[in-house]
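First the structure, in the form of C-alpha cells, and then the observations on it.
The values are calculated or read from the model by the stated rules, or taken from the named source; none is laboratory data. Everything numeric here is computed off the predicted structure, so don't read it as measured data. Note that we place each Cβ from the backbone using ideal geometry, even for glycine, and neighbour counts take in every protein chain shown. Heads up: the accessible areas ignore ligands, DNA and RNA and are worked out on the full protein's heavy atoms, side chains in. Shrake-Rupley method; radii C 1.70, N 1.55, O 1.52, S 1.80 Å.
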Amino acid sequence: MLTTIRDLFRYNIEFRIGSILVTVIVLYSGLSFFSPYAPEQIYVVIPDQPPSLTYWFGTNSRGQDLFWNLSFAFRNTLVFGLIVAVLSRVISIVVGMTAGYMGGMTDRVLMFFNDIFVALPIFPILILFYFVLRNDLDTYTLALIMACLGWAFDARLIRSVALGLRHREFTRQATFAGMGPVRIMVEEHLPYVMPIIFSTAMANMIWSIGFEVTLGVLGFTNLNIPTIGTTLYWANSHSAMLVGTWWWIMIPVILIILTFLGLFLLAVSINEHIDPRSRLRRMGGAE
Amino acid sequence: MSALLEVDAVSKSFPMGGLLSREQIEAVVDIDVTLLQDRPEIFTIVGESGSGKTTLARLILGLETPTRGEIRHLGQPVGAGRFGAQRHAFMSAVQPVFQNPFEAFNPLKRVDRYLASTARAFRSLTRRAEIEAAMDAALVDVGLSLEEIRGRYPHELSGGQLQRAAIARALVCEARILIADEPVSMVDASLRMAIVNLLRRLRDDKGVTVIYITHDLATAYYISDRIMIMQKGRVVETGPARRVLNAPQHPYSRLLKASVLSAADAGQGNLAPAQDLFEASQEALEVARDSRMIDLGEGHSVRRAG
Amino acid sequence: MTGPILTVEGLKAYYQICQFGQHLEVRAVDDISLQIERGEVYGIAGESSSGKTSLIKVLAAATRPPLRVVGGSARYDFGGKGIDPTTASEAEIRAIRWRHLSYIMQGSMSVLNPVRRIERTFRDFAQRPLGLSGAAYRDRIEEHLDHLRLPKSVLRAYPHELSGGMRQRVTIGLATVCRPDFMIADEPTTALDVVVQKDVLSLLRTVQQDMGASIIFVTHDMSVHANMADRIGIIYAGRLVEEGPTRTLFTRSRHPYTAHLVASLPVIGDTRPRPALEGRPPSLANPPRGCRFHPRCPLAIERCAREVPPLEAVGQRHRSACWRAEDVRPLLIPGETGQTAMVQA
Amino acid sequence: MRSYAFFALKRLIQLAVVVFAGTSAAFLVAHFSPISPVETIIGRVSGQSSFSPAAIESLRATLTELFGFDEPLWQQYLNFWSRFIRGDLGPSLIAFPTPAMELVMRALPWTVGLLTVAIVLAWLLGNILGGLAGYYQNSRLLKGFGVIAIGIQPIPYYITAFLMVVLFGYIWPVMPISGGFAMEIRPAWTLDFILTVLWHALLPAASLVLAGIGTWFLGMRALVSNIVTEDYVTYAELAGVRRGTIVGGYVIRNALVPQLTALAMALGGIFSGTIITEQVFSYPGLGTLLIRAVNGGDSGLVLAVSCVAVIAVAAAIFVIDLLHPLLDPRVKVG
C-alpha cells in the first residue's frame, strides 16, 4: 500500500500534482487553528485592502483578513466534503457489495432503489430541504442529506466490480473453505473495491463541495459559518466585482479550483492505477 | 453396498427471458447417477457446451436446486443455499476442483489461508499445530508440503503447484467426493497430465471418488472407470468408460468419438467431417423426448427411441 | 513461382517495459529463423507465454509498443513482390493486407464488431482489396459464401445472433474472400466444441488447398497440429527448439520437450500411463542460461546449463536445438500400443 | 417488436415509480415547512391595508380551505395527487393568484431548450474529441485537449457560469449576461426574437458546455483506450480497413453505447447544474423561478418546480433508455 503510493508519487505526474495541491490546501486550512481572529469577528482590520505583505489575500468589505478567514472557510468546506464522502462511501459499499455478491432478487431490489436515487435531480430537493429547515440547515445536516443522496452512482460501480468477483473461481474456493458471506465480502472482495472507493471518494468530495458552494452562494445556508460558499455570498452581496475588490472573489475561486483539480487528479491517477490496461499503455508509452 | 451419492431423476430448467416469459430451458433432464461408498471411482461426465454438464456439477455441489428429483448424500438430501449443520457436513464431504489454477486463489491473499480456513471450519481444529499438521498431510498427498506453500502468494507458485494446492485444500476436510469441472481445459499440455495423474492417484491411494466433467474424450478414456455422455441435457449413453468409448452405440457418442482429433494418425490430414453421424445424432435429438435408456449389459446402457 | 513464401531470419522481438523506473526486457521472440513454403500449413506449437503470439504479431506487422523488433528480419515473397513486415511502411503493409496477407483470430465472441451486421463487416474488409462494387461485388461475396457452405442469411445477422461455430466460419470466410497467398491463424479453434472444431478445421484445410495458400497455424493443442499441419515448429521460451514434418515430430522427435508434448497426449484405445512434465516454464524476463529447457529436462548435462544449443539439421527438413539430440528417443509414440521406450538418461 | 414493447413497458413502470417516489418525497418535505402559505398571504394582505380581525379570520378560513390544510395528511396527499394529475398545484404566492403550474410551464421551455442544446453539444463534442484522443494517442493537439479537459472537468457549474459573467460582463463586456432575450423585442415567432434568444442563450449554453464537456471527453477517451484493445478493432486493423471506418464505425460507435447509459445517469446532475447556471445569468427558466420561489417563501411553487423537475428528468432518462436498444443490437429486450 505505502510502496504503491510512493511509486505513484514518483512516477505518476497526475498523482504528484494532485497530492501536492491537496496537501497544500489541507495545510492551509489547518492554519485556521492559529488564526489571530475568530471567524465570526468582523471589522477587525481595515476593510477593502488589496493583497499586500501585511494582508496576503487582502481584506474584505466586512473588515476581515481574507487569509485567515479563508483558512476557516476551507477547513469547514473540506470537513463537510469529507463527512459526505465517508458517509456515502459506507452506504455505497454496503449496497453495492451486497447487491453484487448476493445477486438475484436482492440485487434487483437494491438496484431498483438505486436507480431511483440516480434519477432524482438533487438540486431542487436540496433547495426544498433548505426551504423547510432554513437556518437549521447547518453543515452537518446538509452533509447528512448529501450523503443520503450521493451514494447511488458509486454503489452501481461497486456492484459491477463485486458482481465480477462473485463469479471468480477464488470466491467459490473461499465458500468451500468454509468462509461465510460476510467474511468473503470483507476479506476477499473488499481489497478489490478499495481503489474504487478511494477514487470515487475524491469525485464525491468535488460533487458535494460543488453543491455546498452553490447553496452558499445563493444564500441557502447558515451564513454565519465561513465556508467557500458563504465567502462568495458575502462578496456578491457587497458587489465585490463592481466596487473593485476583485481579490475577495478571485482568490477563493482560484483556490477552490485548485482544490478540485487536486482531488480530481488524485481520482484520475488512482483510477488509472486500477485499470491494468491503461497501465500497460502507460508502460508502453514511457520510452 | 450403500450409496455415497445418489442423483435421483434430477431435472433442472431455467426460465428464459424476462419475468413475464413462460419459456423454459431444460438444462438437465432426468439424470440418474449412483456412486457407491466402498467403490471409489472416477466417474466422467462428457458433453459439449450446452449439454448441461456444468449445471449438473452445480446441482451436485448444491449451488442450484433441482426443479424435479433429488440429490442425496449418504441418504440425506442436498439442498442449495442451506446453511445449517447438514450443509456443513455435506460441504466437508463433497468439494470442487477448479478450472483454472491461476484463478483458484485470490491473488491478493496467501494460499495457505484457504487451507487453514478449511481445517478450522470443517475439521473443527483450533490449535495451530493441529491445523498445520492437517494442512501438511493434505499437501503431502498431492506431492507438495506445507514448507513450499506457507506464506506464499498465488503469483509466487507455478500453475501445477496452485492446482495441487487447490486439490489439497479439498482434501484437508477429508472430502470423499471431488467434483472437477473441466480441471484441465485451461492448462498447458505439460501440466495437464500432472493433474489427471494426480486425480487417478487420489482414487487409488486415498479412496477418493472423482466426478470428472470434461469435453475431452481422450483424457476421459485415460482415467475414467465409468462414463456418462450427455447431449442437450439428456444422458445418451452410460457405462464402463473403455467399453463405451471403444464401441459407442449412440449416434451422438459416435459423432463425438469421430470428431476427436487423434495424434495417432499424425500427419495424415484426416479431417473429413462425419456428416452421416452428425445427421443421425440430430435425428436422435429430435426424438429424445420419446426415448428411454436400454440396458446393454455390464452396466452399459444407451438411449433409444420408443 | 518457387522459393519460400516467408523467410524469417534471426528474428528478435522483445517487450521493453519501463514501469516505475524499472526497465524490464521480456525476450518473447529470441532469434527465430524459419521458412514457410507455398501451399504449406506450418504449425507453431508452444505453451502459453512461450512467445508464439508475439511471433505472429511481428509476422502480421502488428507490432505495437511495448513489443519491439530488435533484430533479424522477415520477408514475404508474394510473386516477386517482396515485403518485410518489420520494416515496411504503413502504406506498403496496407497494400498487401487481405489481398496477400490475411488473418484468422482466436475464435471468440469479440472478433466481429458487435454493432455491425456481417454484411457491413464484409464490405469494410473486402471491398477495397477486391476492387469491386455493386452487383459484381455482391455476386463475388455470395459465390464465396456458397463455396464455404454458408447460408446467405448470415449476411443480415449480427455477430451475437450466430453460434460460436458459425462465427468462426464467418471469420474464415472473411479471411479467404480475397484469396490471399498467406494466412495467419491464431488459435482459430480454441474454445470451440470438438464437433465444431473438426468442422471448422476441415473447412479451413479445404479452402486453403483450393487456393493453394500457405498458413501459419498457431495453437497449443498438439492433436490439432497432428491433423492440420504439414510441418510443425515447436517454440519453448521464445526459441524455436525443434522443427520438422508432422509425422516425423510425432514419431521420431529429436528434442526432449517435443517428446514430452507428444507423449502426454492421451489417445482413445491406448491405456499406457502418460508422463507429466514437472516444473514450470521459465520467465522470459529472466530466462535460464544455456538451453532454456535444461532445468526441466531429463537428459540435461552440464553443458546444457552453459551453452545455448543451435538449431541444427538432424534429418531431412528436420532441425533440433539440443546438445543431446542423438540420445532423444520418443517416450511413447501415439498409435503404437505396446512397450514404452524410455528415455536414456 | 413485441419484445421491444415489453422492454418499453418495463422502463415505463420504472419511470412511474421514480416520479411517484420523487413527487411524494417532495410533497412530504414541503408539508413540513414551517412557513405556512396562508399566513404569508395574510401577512402580505394585511400589511397593505387594515382589516378587522374578523375579516382576517374569515380570509384565513377561506385560504385554509383553498389550500386544503384543514384536512388530515393522507387526505391532503390524495388531494395533492388528484390535483397534480390535472396539472394544478394551487396558486403561487410570488405572483398571486397566478397558478404555480402556469409559472412553471412558462419557465419550462427555456430550461428544456437551454439544456437540450447544451447537452447535445457537450455530449457530441466531448465524445468525438475524446474518441479521437483515445485512438490517436500520440497527437499533440489531442493531448493538449486532454490536459485542458482535466483542468476544466472538476470545475462546478456555478464557477464556470460565474467566470463567464466576470469575463464577459466586467472584463470584456460584449455579451448579454442576464435575461433570456432583449427587453425591447416583443416575444413572438419573429426572426428578431429568435436571434435575440439565441444570442442571450449563448453564454449560459457555453458555460454549460464548458462544465460538461470535460467529463464526456475524459470518459470517452478512457473507454476508447480500452476498446482499441478489443479483438474486433485489432482484427479490422489487421485487415487494413480504412482508418476512418475503424475510428468511426468500430471504436467510437461501440463506445457510444456506454456513453449513452452514462448520459442517462448524469442527467439529474446536469439538470441541477442548469438550474444554477440560469440563476447566475438570470435566465427565465425553472432555476431562476425556483430561487425566486424560495426567496419569496412560496412553498407551493417550490413544490411545483421540484415535481416538474423530477418528472422532466425521469422522462428524459426514459427517452434515452428507449434509444438504447437502437444503438446496441445486443441489448436483451424483454
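For region A:152-162, backbone phi angles converted through the Karplus equation (6.51, -1.76, 1.60; θ = phi - 60°) give residue-by-residue couplings of 5, 4, 6, 4, 5, 4, 5, 4, 5, 5, 4 Hz, Gly and Pro being listed as x. A helix-only calculation puts chain A at -24000 deg cm²/dmol for mean residue ellipticity at 222 nm, using -39500 (n - 2.57) for each DSSP H run of at least four residues, averaged over all residues. What the Kirkwood sum gives for region A:88-177 is a hydrodynamic radius of 14.5 Å, with every pair of different alpha carbons counted. Our coupling estimate for region B:154-165, obtained by passing each phi through the Karplus curve with A = 6.51, B = -1.76, C = 1.60 and θ = phi - 60°, is x, 5, 8, 10, 7, x, x, 4, 5, 5, 5, 4 Hz, Gly and Pro reported as x.
Computing Rg and the Kirkwood Rh from the Cα coordinates of region C:236-342 gives a ratio, Rg/Rh, of 0.97. Helix D:299-327 and the long axis of chain D differ in direction by around 20°, with both axes built from C-alpha atoms.
Amide H contacts under 5 Å for residue C:190: C:107, restricted to partners 5 or more places along the chain or on a different chain, H placed in the peptide plane at 1.01 Å from N.
Taking a ≥ b ≥ c as the square roots of the eigenvalues of the Cα gyration tensor, region A:159-230 is prolate, since a/c reaches 1.5 or more and a/b is larger than b/c. The Cα center of region A:176-213 and the Cα center of region B:222-251 differ in position by 49 Å. Kindly identify chain B as rounded, prolate or oblate by the Cα gyration tensor criterion: order the square roots of the eigenvalues as a ≥ b ≥ c, call it rounded if a/c is under 1.5, otherwise compare a/b with b/c, prolate if a/b is larger, else oblate. It comes out prolate by the Cα gyration axes. Note on exposure: A:156, C:324 ranked by accessible area (1.4 Å probe, complete protein assembly) read A:156, C:324, with the most exposed listed first.
Straight-distance candidates among the lysines for linking to residue D:10, with alpha-carbon spacing under 22 Å and chain neighbours fewer than 8 residues away dropped: D:332. Scoring C:111-117, B:231-237 by mean Cβ neighbours within 10 Å over their residues and listing the highest first yields B:231-237, C:111-117. Compared with the dominant principal axis of the Cα atoms in chain D, helix D:140-152 is inclined by about 20°.
In this structure region D:108-284 gives 41 Å² per residue of accessible area when probed at 1.4 Å with all protein chains present.
Rounded to the nearest 0.05, what FRET efficiency do residue D:105 and residue C:285 give with R0 = 51 Å and r taken as the Cβ-Cβ distance? Could you check? Calculated value: 0.15. In summary, chain D shows an alpha-carbon radius of gyration equal to 1.23 times the 2.2 N^0.38 Å reference for compact globular proteins. Peptide C:276-284 is shielded by partner chain Cβ atoms: per residue, an average of 5 of them sit within 10 Å of its Cβ. The helix-based estimate of mean residue ellipticity at 222 nm for chain C, built from -39,500 (n - 2.57) per DSSP H run of four or more residues and divided by its residue count, is -8000 deg cm²/dmol to the nearest 500.
Output the relative contact order of region B:3-305, whole-number percent, from Cα pairs under 8 angstrom with separation of 6+ residues. Result for region B:3-305 is 20 percent. Distances over 33 Å make up what percent of all Cα-Cα pairs in chain A? Value for chain A (Cα pairs over 33 Å): 35 percent.
Computed packing ranks the peptides A:29-41, A:64-76, D:11-23 as A:64-76, D:11-23, A:29-41, most packed first, by mean other Cβ atoms within 10 Å. Highest-first packing order for the peptide set A:206-219, D:109-122, D:184-197 is A:206-219, D:109-122, D:184-197, based on the mean count of other beta carbon atoms within 10 Å.
Length, then width, then depth: along the principal axes, the Cα atoms of the protein assembly as shown run 120, 73, 70 Å. Take the accessible area of chain C alone and of chain B alone, subtract that of the pair, and you get about 3600 Å² summed over both chains, using a 1.4 Å probe. Amide H contacts for residue B:296 (H built 1.01 Å from N in the peptide plane; partners 5 or more residues away or on another chain; cut-off under 5 Å): B:301, B:302. A 1.4 Å probe over all protein chains sorts D:215, A:245 by accessible area into D:215, A:245, starting with the largest. Note on chain D: helix-only mean residue ellipticity at 222 nm, from DSSP H runs of 4+ residues weighted -39500 (n - 2.57) and normalised by residue number, equals -25000 deg cm²/dmol.
Our coupling estimate for region B:60-69, obtained by passing each phi through the Karplus curve with A = 6.51, B = -1.76, C = 1.60 and θ = phi - 60°, is 5, 6, x, 8, 9, 9, x, 6, 9, x Hz, Gly and Pro reported as x. Which of the helices in chain C, when you take each full DSSP H run, stretch at least 15 Å along the axis at their Cα atoms and have an average Kyte-Doolittle score of -1.0 or higher? Span-like helices, by this rule, are C:118-130, C:164-176, C:194-211. Its Cα gyration tensor gives region D:73-175 an equivalent ellipsoid, and the semi-axes of that ellipsoid, as √(5λ) in whole Å with the largest first, are 43, 20, 12. Amide H contacts under 5 Å for residue C:72: C:12, restricted to partners 5 or more places along the chain or on a different chain, H placed in the peptide plane at 1.01 Å from N. Shielding by partners for peptide C:186-195, expressed as the average number of C-beta atoms from other protein chains within 10 Å of each residue's C-beta, is 4.
Across all Cα pairs in region C:1-71, the calculated P(r) in 10 Å bins from zero up to the longest distance comes to 18, 47, 26, 7, 2, 0 percent per bin.
Percent of C-alpha pairs per 5 Å bin in region D:264-334, short distances first: 3, 16, 19, 19, 15, 9, 7, 6, 5, 2, 0.
Between residue C:326 and residue D:75, the distance separating the two model label sites (each 7 Å from Cα on the Cα→Cβ line) works out to 11.2 nm. Mean per-residue shielding of peptide A:165-173 is 6, counting Cβ atoms of other chains within 10 Å of each Cβ.
With the alpha-carbon atoms of chain C aligned to their principal axes, the span from lowest to highest coordinate is 68, 53, 45 Å, starting with the largest. Between 0 and 90 degrees, the angle of helix A:276-285 with respect to the longest Cα principal axis of chain A falls at about 70 degrees.
Taking a ≥ b ≥ c as the square roots of the eigenvalues of the Cα gyration tensor of region B:254-306, is the shape rounded (a/c under 1.5), prolate (a/b larger than b/c) or oblate? Verdict is oblate for region B:254-306.
Ligands, DNA and RNA are left out, and with a 1.4 angstrom probe the accessible area of region A:42-249 is 36 Å² per residue. Roughly how far apart, in whole Å, are the Cα centres of region A:1-80 and region D:166-221? If you average the Cα positions of each part, the centres end up 34 Å apart.
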